[in-house]
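The values are calculated or read from the model by the stated rules, or taken from the named source; none is laboratory data. The structure displayed is predicted, hence computed values, not measured ones. Virtual Cβ from ideal backbone geometry, glycine too; neighbours counted across all protein chains shown. The protein model used for the area step is the full one, side chains on, heavy atoms only, and it has no ligands, DNA or RNA in it. Shrake-Rupley method; radii C 1.70, N 1.55, O 1.52, S 1.80 Å.
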Amino acid sequence: MRVVAALLVREMATRFGSKPGGYIWALLDPAAHIFLMTLIFRAIARTPALGTSFALFFATGYIAFQFYQAMTSYLNSAVRANKALLSYPNVAPIDTIVARFILQVCTTTLVAVIVLGTIVATMRVDTNLHWPAILEAGAMACLFGLGVAMINAVLFLKYPLYEQVFGIVNRPLFLISGVFFLPDSIPAPYRDLVLVNPLVHIIMGFRQGFYPEYRAVGLDMNYLYGIAFLTLFVGMLVFTLSRKTLRNE
């Protein structure tokens, strides 16, 4: 615990710096994305796919996706970025993952509370939040991202080509995971193909917490739980079996 706490303080100083500008940018970046998407789609459509607020619709999709995307992006390089510290016997590779995981969960959660809270507070229509759905989707996104990142942390070191391939495959996920649209509005059989993506279920479940009228046809939380925990198990297994390699690479 002391090692993880020390790494956590180091990661905060490295990532955000000693000035408040680093923390402000962590908030402004998603807010700017949501603002631009709202302006673009408001110009080409009269109403969003859900509710009456373009900002809330895109924010719920973007923030839910970020729980996964920001997690993997930050944790993929956790071991490589702290390679020098692994020469100390008290520091294990898993400590770097745990420290970054805690920091990223706190960062994304804080951003979500501020951005979504501001949008909901400024809406003219009352919004009944369903917290169990919001927390469940966010937790599954974090666990799924953790599993993927643990696998990547090992494979990125062993196979540099895999890192390039993963970047190519991972890039279009933002467009096909339901951030801009409702997956259940897609006609069959294409809807079934889209629903194979676990991130689609994360975003659908997250939006259910903000839109009580949203039925989310096709949402399968059992499938999401299965994929998330299977990925996490594989990630822990690969990471554990490669702990000597992670120190020596």
The helices (runs of 4 or more DSSP H) lying entirely within the range 98-209 that contain at least 1 residues which are open to solvent by 40 Å² or more (accessible area, probe 1.4 Å) and without any contact (Cβ under 8 Å) to a residue 60 or more places away in the chain are 131-158, 160-170, 173-176, 190-194
Exactly one of Leu146, Leu135 is of a type in the set (A, V, I, L, M, F, W, C) and in contact with a helix residue (DSSP H, G or I) (Cβ under 9 Å, 6 or more places away or on another chain), and that one is Leu146
Contact list, first residue from the range 27-53 and β-branched (Val, Ile, Thr), second anywhere and open to solvent by 40 Å² or more (accessible area, probe 1.4 Å), beta-carbon distance below 9 Å, six or more apart or interchain, is Thr52/Met123; Thr52/Arg124; Thr52/Val125
(message) Residues that are in a loop (DSSP other than H, G, I, E, B), closer than 18 Å to Tyr68 by Cβ and out of contact with any Pro (no Cβ under 9 Å at 6 or more places or on another chain): does the range 227-239 have at least one?
(response) no
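Could you say which residue among Gly235, Gly167, Gly218 is touching an Asp or Glu at 6+ places or on another chain (Cβ under 6 Å) and among the small types (Gly, Ala, Ser)?
Details: Gly235 fails: touching an Asp or Glu at 6+ places or on another chain (Cβ under 6 Å); Gly167 fails: touching an Asp or Glu at 6+ places or on another chain (Cβ under 6 Å).
Of the residues listed, the single one that is touching an Asp or Glu at 6+ places or on another chain (Cβ under 6 Å) and among the small types (Gly, Ala, Ser) is Gly218.
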Scanning the range 83-139 residue by residue, those small (Gly, Ala, Ser), over 15 Å from the mean Cα position of the chain (by Cα) and closer than 25 Å to Ile24 by Cβ turn out to be Ala99, Gly117, Ala121
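Within the range 26-41, can you find the residues that are closer than 15 Å to Gln69 by Cα and in contact with a helix residue (DSSP H, G or I) (Cβ under 8 Å, 6 or more places away or on another chain)? Write out each step before concluding.
Quick first cut of the range 26-41, residues closer than 15 Å to Gln69 by Cα only: 26, 29-30, 33.
Ala26, Pro30, His33 - these are the residues of the range 26-41 that are closer than 15 Å to Gln69 by Cα and in contact with a helix residue (DSSP H, G or I) (Cβ under 8 Å, 6 or more places away or on another chain).
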When restricted to Val91, Val120, Val113, the only residue closer than 22 Å to Phe174 by Cα and out of contact with any His (no Cβ under 9 Å at 6 or more places or on another chain) is Val113
Per the filter on the range 224-239, residues open to solvent by less than 70 Å² (accessible area, probe 1.4 Å) and either more than 18 Å from the chain's Cα centre (by Cα) or on the phi > 0 side of the Ramachandran plot (or both) are Val234, Val238, Phe239
Over the range 155-203, the set of residues closer than 16 Å to Leu219 by Cα and of a type in the set (Ser, Thr, Tyr) is Ser177, Ser185, Tyr190
